[in-house]
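Structure first, then comments.
The values are calculated or read from the model by the stated rules, or taken from the named source; none is laboratory data. Given the structure is predicted, the values throughout are model-derived calculations rather than measurements. All Cβ positions, glycine included, derive from the backbone under ideal geometry; neighbour counts span all protein chains shown. Accessible surface areas use protein heavy atoms only, side chains included; no ligands, DNA or RNA. Shrake-Rupley method; radii C 1.70, N 1.55, O 1.52, S 1.80 Å.
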Amino acid sequence: MEARFLGCRIDNLDMQQTVDKIESFINSQTGAQIITLNAEILYQAQYDEELRELINQADLVTPDGIGIVWAARKLDKPVKERVTGIDLLQNLCFRAAEKGWPIYLFGAAPGVAESAAENLKQQYPGLNICGIRHGYFGLEDYEQIRADILSSKPAILFAGLGAPKQEYWIRDNLPLLGSIVCMGVGGSFDVLSGLKQRAPAWLIKLNLEWLYRLLAEPSRIKRQTVLPRFIWLVLKTKWRGKA
Ligand code: UDP
């Protein structure tokens, strides 16, 4: 089941169905690219054909954030629920600990993913984190990074390089990584390591996580000016009657 609007495909699955779908990718050993799509990237994709194609060729695209869920509803393509990168990562770690899937953490500043790994292992006893690599590298490091990932034999690789950099990295490297399921997770390692705080649960429930992030990191203001433009685009699209 999928919803298609603003030129992009989004899979209409709830969290458990998403985890089940990813399990089926792991079982079929074909490798897969998972994108958790937020309003900022969907807006960017309106003006960037390569990004739009990247989203549409991904194996699974989840509605990451209230902006996407709201747009889907407005454009009469409602999706079941928000499936954010960090929530999906945690749900997958829970399943991975149960199933014995090895996990690789790639991204964030040196030391951050290591702390995130420690916390994840405490939260999900038995979780096998088979490899960790920080996210600051040049073209000359590509081969060594791939070699390290391949020799660690993960079932899932979480890439926390920020969007859409992580999505391009996965697109370019997935064909060389065999059967690994790769998913972009943005700044999740910063949160899981304790370096940054996620909004309190009551604010997330009120759909105000974006406001918390803006207040906690005022430097995001430039990025978040996309949000009113995204809302305007959705309303215009609705009035014109074509999603
Ligand atoms: N990052 C990285 N390599 C880079 C640029 C960024 O590993 O070349 C990391 C950065 O340290 C941070 C994450 O990518 O952990 C980006 O976080 P942000 O919250 O900006 O991402 P978003 O969730 O908004 O995509």
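Looking only at segment 180-202, which residues are surrounded by fewer than 18 Cβ atoms within 10 Å (Cβ to Cβ) and not aliphatic (A, V, I, L, M)? Result: G194, K196, Q197, P200, W202. Residues of segment 180-204 that are in a loop (DSSP other than H, G, I, E, B), within 15 Å of the ligand (Cβ to nearest atom) and in contact with a helix residue (DSSP H, G or I) (Cβ under 8 Å, 6 or more places away or on another chain): V185, G186, S193, G194, L195, K196, Q197, R198, A199.
Selection of segment 155-179 for residues being open to solvent by 10 Å² or more (accessible area, probe 1.4 Å) and more than 15 Å from the ligand (Cβ to nearest atom) yields A155, R171, L174, P175, L176, G178, S179. The C-beta contact set for segment 15-30 (first residue over 14 Å from A96 (Cβ atoms) and in contact (Cβ under 8 Å) with a residue 60 or more places away in the chain, second residue of a type in the set (D, E) and in a loop (DSSP other than H, G, I, E, B), distance under 8 angstrom, 6+ apart or interchain) comprises M15/E81. For segment 217-233, a residue qualifies if it is open to solvent by 30 Å² or more (accessible area, probe 1.4 Å) and more than 16 Å from the ligand (Cβ to nearest atom), and the qualifying residues are P228, R229, I231, W232.
A search for C-beta distances below 9 Å between a residue of segment 113-131 that is closer than 12 Å to F94 by Cα and without any contact (Cβ under 8 Å) to a residue 12 or more places away in the chain and any residue that is open to solvent by 30 Å² or more (accessible area, probe 1.4 Å) and part of a loop (DSSP other than H, G, I, E, B), counting only pairs 6+ apart in sequence or on different chains, returns K121/N128. Assess whether L150 counts as being away from the ligand (no atom under 16 Å from the Cβ) and open to solvent by 30 Å² or more (accessible area, probe 1.4 Å). Judged against the criteria, L150 is a match. With respect to A147, determine if the residue is in contact with a helix residue (DSSP H, G or I) (Cβ under 9 Å, 6 or more places away or on another chain), at pLDDT 95 or above and over 30 Å from A243 (Cα atoms). Taking the combined requirement at face value, the residue does not satisfy it.
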